[in-house]
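Encoded as structure tokens, the structure appears first; notes follow it.
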Amino acid sequence: MNAYTNLSASYDTPSEKTLESLACELDSLKAQVHADLGERDARYIRNIIKLQRTLEIAGRGLIHFSFTPIPFALGVMSLGVAKIIENMEIGHNVMHGQYDWMNDPKLHSTTYEWDTACDADSWRRTHNYEHHTYTNVIGKDRDYGYAVLRLSDDEPWHPMRRFQFGYYVALSVFFQWGVALHELETEKLQRREITLASKKPFLKAFAKKGFKQIFKDYVFFPLLAGPFFLKVAAGNMIANLIRNLWASTVIFCGHFTEGAKTFPASVCENESKGHWYYRQLLGSGNFEGGRALHILSGHLSYQIEHHLFPDIPAHRYAEMSPRVREICEAHGLPYNTGSFWSQYKTVLKRIIRFARKPATAPDLSMTTA
């Protein structure tokens, strides 16, 4: 069994010559785009920020001053879209260092703080480093299944897995809080591999950021509405729900489609740049659509390109995608893409399929999930 074979799917590792060629061509593409970064990219992100702020102001204003259902619904949708854009196209991408070259302290990866319950420093540790270094490596990439879902035969089955579609719905509804608590590593706490005391710095940062978000959306803005406190609080809650459901769906479509592969920890041993690129190709999935869909997804509709080039401004992925696809075809490598709905359907099927007990699964009914 080679390093790129797992229980859920088997595939042969390309030759070292092929992987060296792959790395050379992808490195060259990355260098070309880096050399071309400039005013067009700065103007793009600043225009997106203006759009996001306009939508947020309009949304909060409509929610605050609405007296009939239609303006209220428009305000909720406007605020929900503003939150999506801030999280997906601005916050996520800025914190990847995609705009560090601008030397703008408001758009620098080390200082940006986004409008969500997850503390930015925690995100940079668990996502920027762990996920993007060990993409889909079982036991190393904690973004894979978010310690909640079983999505590969590499993970043991437990009777509680039968209910994992319900876990998926709950995770999606409360997605910002699931992401915020990700660094707590609850599975390690259950196995007593770490202690709760060791997580005190994280818990302190989590509480501080969580309180700030709750205060802003459910105390400060509702209080400004006086007797309409509950209306504004409800509008903010629905806007957050819209953002949570959308962010969860986009992220799952990029990582957990039927074509996305998982890997044993052994692949990381002496892994070359070509092997790393190859693993990103195997573990990612794109979905297709119009420009608005790409912006609302933070261009994570190009998840393959994002995993290959996480520090390239995401709006450039649309230009890079045809070339990446050509490189894959030239090397006989997969390029997992499809329509948004076709990809999402495979995600749902995968969640349901791995919830079922495998024919060879041991009885773990007396153990923890």
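No value in this document is a laboratory result; all are computed from the given coordinates. None of the values given here were measured: they were computed from a predicted structure. Note that each Cβ is placed from the backbone with ideal geometry, even for glycine, and that neighbours are counted across all protein chains shown.
Full extension from residue 173 to residue 186: what is 0.36 nm times the residue separation minus their Cα-Cα distance, to one decimal in nm? Could you put the intermediate results ahead of the total?
Details: separation 13, 0.36 × 13 = 4.68 nm, distance 1.93 nm.
Residue separation times 0.36 nm, minus the Cα-Cα distance, leaves 2.7 nm.
Mind checking segment 12-68 for chymotrypsin sites (Phe, Trp or Tyr not before Pro) that DSSP puts in a loop (not H, G, I, E or B) and that have at most 11 other Cβ atoms within 10 Å? Provide the component values of the computation, followed by the final result.
Numbers: sites: 44, 65, 67; in loops: 67.
Filter output for segment 12-68: 67.
Over the alpha-carbon set of segment 1-140, divide Rg by the Kirkwood Rh and report the Rg/Rh ratio to two decimals. Can you show the working numbers first?
On the way: Rg = 20.8 Å, Rh = 18.6 Å.
Answer for segment 1-140: 1.12.
How large is the charge dipole for the chain, taken about the Cα centre, if only the Cβ atoms of Lys, Arg (+1) and Asp, Glu (-1) carry charge, to the nearest 20 debye? Please list the in-between numbers first.
Numbers: 42 positive and 38 negative charges, 290 e Å.
Taking the Cα centre of the chain as origin, the dipole is about 1400 debye.
Once you have all Cα-Cα distances for segment 142-218, histogram them in 10 Å bins from zero and send the whole-percent values.
Spelled out bin by bin, segment 142-218 gives 16, 41, 33, 10, 0 percent.
Which percent of the Cα-Cα distances in segment 208-276 go past 21 Å?
Across segment 208-276, Cα pairs with separations above 21 Å total 55 percent.
Using the number of other C-beta atoms within 10 angstrom as an exposure proxy, rank 49, 214, 304 with the fewest first. The partial results should precede the final answer.
Details: 49 17, 214 12, 304 26.
Placing the least packed residue first, the sequence is 214, 49, 304.
Give a quick list of trypsin sites (Lys or Arg not before Pro) in segment 249-298 that DSSP marks as loop, anything other than H, G, I, E or B, with at most 10 other Cβ atoms within 10 Å. Could the numbers behind the result be given before it?
Working: sites: 261, 273, 279, 291; in loops: 261.
Listed in order of number, the matching sites amount to none.
To make sure I understand the rule: partners must be lysines, Cα under 29 Å from the Cα of residue 261, and not fewer than 8 residues away in the same chain. Which ones qualify?
In chain and number order, the partners are 17, 30, 140, 188, 273, 345, 349, 357.
Taking 25 °C and 0.890 mPa s as the conditions, I'd like the Stokes-Einstein D for segment 231-321 in µm²/s, using the Kirkwood hydrodynamic radius from alpha carbon pairs.
On the way: Rh = 14.7 Å.
Value of D from the Cα-based Kirkwood radius: 166 µm²/s.
Starting with the highest mean, order 51-57, 93-99 by the number of other Cβ atoms within 10 Å, averaged over the residues of each peptide.
Details: 51-57: 16.3, 93-99: 23.4.
Ranking, from highest mean packing down: 93-99, 51-57.
Below 9 angstrom from the Cβ of residue 83, what's the summed charge of the other residues (Lys, Arg +1; Asp, Glu -1)? Walk me through the numbers before you get to the answer.
Values: positive: 243; negative: 56, 86, 115.
Residues near residue 83 contribute -2 overall.
Counting only helical runs of four or more DSSP H residues, what would the 222 nm mean residue ellipticity of the chain come to if each run contributes -39,500 (n - 2.57) and the total is spread over all its residues? All intermediate terms of the calculation are to be shown ahead of the outcome.
Working: 15 runs with 187 residues, N = 369.
For the chain, the value works out to -16000 deg cm²/dmol.
For segment 40-113, what is the Kirkwood estimate of the hydrodynamic radius, computed as the reciprocal of the mean inverse distance between distinct Cα atoms, to one decimal in Å? Please list the in-between numbers first.
Values: mean 1/r = 0.0764 Å⁻¹.
Computed over segment 40-113, the radius equals 13.1 Å.
Quick check on packing: order 338-346, 326-334, 175-183 by the mean number of other C-beta atoms within 10 Å, highest mean leading. Numbers along the way, then the final one.
Values: 338-346: 16.7, 326-334: 15.0, 175-183: 21.8.
The densest-packed peptide leads the list: 175-183, 338-346, 326-334.
Can you run the Rg to Rh ratio on the chain? Use alpha carbon positions and the Kirkwood inverse-distance Rh.
Reported Rg/Rh, Kirkwood definition of Rh: 0.97.
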